[in-house]
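Here is the structure we will look at, set down as structure tokens.
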Amino acid sequence: MSAQPHGHAGHHDHGPAGHGHDNHHDDHGHDGAAHGTLKGYVTGFVLAVILTAIPFWLVMGEVFASPRVTAALVMAFAVVQIVVHMIYFLHMNGKSEGGWIMLALIFTLIIVVITIAGSLWVMYHLDTNMMPMAPHDMRNMP
């Protein structure tokens, strides 16, 4: 009996050129990070162009009478575009870097939501609690 497991007699298949590639491991230590392909980049580019053109058309064509509806749709398309960029160009997924990138993204999103929500809350209450000023009082201001 040999001390070598599974018939690996202590040598690697160096192939005809002798480059030292072991045919059993093709991941090269990338921890599940996706590799970019031309098809992936083209798909991401086409999606990004579409997700830019539609909001542009919504605004320039004045498709909706309400600016609030248009703004909400533009923001929704922006969120989708962020996801497209993260997947197709930044190659982010749950497996890359052992999940730490996704954890950092979630933490960042929580901080951003808290900051925006807190800022809006403070500005709303400042506006609500301000002393009203009559137009004739504004003329007497220095």
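The values are calculated or read from the model by the stated rules, or taken from the named source; none is laboratory data. This one's a predicted model, so the numbers in the text were calculated from it and none came from an experiment. Heads up, the Cβs are rebuilt from the backbone with ideal geometry, glycines too, and the neighbour counts pull from every protein chain shown.
Taking segment 49-74, which residues are free of Cβ contacts under 8 Å to residues at least 24 places away in the same chain, closer than 20 Å to Phe89 by Cβ and of a type in the set (Val, Ile, Thr)? Let's see the steps before the verdict.
So the first thing to find is which residues in segment 49-74 are free of Cβ contacts under 8 Å to residues at least 24 places away in the same chain, and the list is 49-50, 53-74.
Then keep just the ones that are closer than 20 Å to Phe89 by Cβ; that gives 49-50, 53-55.
Listed by number, the residues that qualify are Val49, Ile50, Ile54.
Among residues of segment 34-48 that are of a type in the set (Ser, Thr, Tyr), those with a beta-carbon under 8 Å from a residue that is at pLDDT below 95 at least six positions away or on a different chain give the pairs Tyr41/Tyr88; Tyr41/Phe89; Thr43/Tyr88. For Phe77, indicate whether it is in contact (Cβ under 8 Å) with a residue 24 or more places away in the chain and outside any loop (DSSP other than H, G, I, E, B). Criteria met by Phe77. The combined condition, being free of Cβ contacts under 8 Å to residues at least 60 places away in the same chain and more than 30 Å from Val42 (Cβ to Cβ), is fulfilled by Met131.
Listed by first and then second residue, the pairs with beta-carbon distance under 9 Å, at least 6 apart or on different chains, first residue in segment 90-114 and part of a helix (DSSP H, G or I), second among the basic types (Lys, Arg), are Met102/Lys95. If you check Ala71, Ala78, Ala53 for being exposed (fewer than 14 other Cβ atoms within 10 Å of the Cβ), under 23 Å from Val112 (Cα atoms) and of a type outside the set (Ser, Thr, Tyr), only one passes: Ala78.
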